[in-house]
1. Among 19-29, 3-13, what's the highest-first ranking by average C-beta atoms within 10 angstrom per residue?
2. Using a Förster distance of 30 angstrom, determine the FRET efficiency expected from the C-beta separation of residue 4 and residue 28, and round it to 0.05.
């Protein structure tokens, strides 16, 4: 009863689908070079999202 349902406009759903498809195509053409760089990228993205700054990312 207390749930909030967000109605997403059709153009927004289409945009998200196209982005997912483009990313999958890009990854199939240019696969990630190795798991270490992917891990570093994920770590950096997490820090950016949490708002932490000024910390060096190991391995870069």
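1. Details: 19-29: 9.5, 3-13: 6.4.
Answer by packing, highest mean first, reads 19-29, 3-13.
2. Numbers: r = 37 Å, r/R0 = 1.23.
After rounding to 0.05, the efficiency reads 0.25.
Coordinate-derived values only; no laboratory data. Predicted, not measured: the structure shown is a model, and the values here were computed from it. Counting neighbours? That spans all protein chains shown, and the Cβs are built from the backbone with ideal geometry, glycine included.
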